[in-house]
Amino acid sequence: MLLAGSAAAQPVDYSVEASASFYGDNTEFFNPFREGETLIGVYGFVVGEARTSDRLAIRAGLFGNQRFASRDAFDEWRPVISLVIGSRSSRLILGTIETVRRAQGFGPDRSGPHGLLPPLQVEVLSFTRPWEAGAQWLVETPSIMHESWVNWQGLATDGQRERFDAGSVSRFKVQRALT
């Protein structure tokens, strides 16, 4: 009720964003960390945002992932629903978390969903699991980049245990050339 009251007192800014990523990955080898497979496809988001203040936004939309040569038109459809609390420099996201952000620069640790080094993250997660839901805290300032997250990958049922991922990544700029 407090959120609704504050939203009614201030004007609401609306925006819509759409993005799509074409991906291709071919690994004819396998190891203990990854199966050999070829992935070619495209995933995309269409998300609307209602910003009720400079510290509160509600996002809603749709995510789709389509692997080429699949029998289905889209292999995966998911809702995008998020509550974003905080400013641009420090925000808490509850619901669909931001995994499609890319860190500036070049390198394998900057192209994955959370910017982890390849030994800690299977790089193919960028293609097979770009939609994640849970809780995320992001800090983005000129000298600090930080992300902490928990995302749920499977609910606890009689046939399977609950499964989730959690992590934290930080970058601190000490000098201009050293991070």
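The values are calculated or read from the model by the stated rules, or taken from the named source; none is laboratory data. What you see is a predicted model, and the numbers here were worked out from it, not measured in a lab. Only protein heavy atoms, including side chains, enter the accessible area calculation; ligands, DNA and RNA are left aside. Shrake-Rupley method; radii C 1.70, N 1.55, O 1.52, S 1.80 Å.
Among the residues of region 55-71, are any outside any strand (DSSP E or B), open to solvent by less than 70 Å² (accessible area, probe 1.4 Å) and modelled with pLDDT of 85 or more?
Within region 55-71, none of the residues are outside any strand (DSSP E or B), open to solvent by less than 70 Å² (accessible area, probe 1.4 Å) and modelled with pLDDT of 85 or more.
Quick grid of which residues meet (1) at pLDDT 75 or above; (2) open to solvent by less than 50 Å² (accessible area, probe 1.4 Å):
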{"residue": "R78", "(1), (2)": "yes, no"}
{"residue": "R88", "(1), (2)": "yes, no"}
{"residue": "R110", "(1), (2)": "no, no"}
{"residue": "G115", "(1), (2)": "no, yes"}
{"residue": "L120", "(1), (2)": "no, no"}
{"residue": "E123", "(1), (2)": "no, no"}
{"residue": "F127", "(1), (2)": "no, yes"}
{"residue": "S143", "(1), (2)": "yes, no"}
{"residue": "W152", "(1), (2)": "yes, no"}
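Could you check region 90-108 and list, in sequence order, the residues that are in a loop (DSSP other than H, G, I, E, B) and either within 15 Å of the chain's Cα centre (by Cα) or at pLDDT 65 or above (or both)?
If we filter region 90-108 for residues that are in a loop (DSSP other than H, G, I, E, B), which is where we start, we get 97-107.
Scanning region 90-108 gives I97, E98, T99, V100, R101, R102, A103.
Within region 17-35, how many residues are modelled with pLDDT under 75 and open to solvent by less than 40 Å² (accessible area, probe 1.4 Å)?
The qualifying residues number 1.
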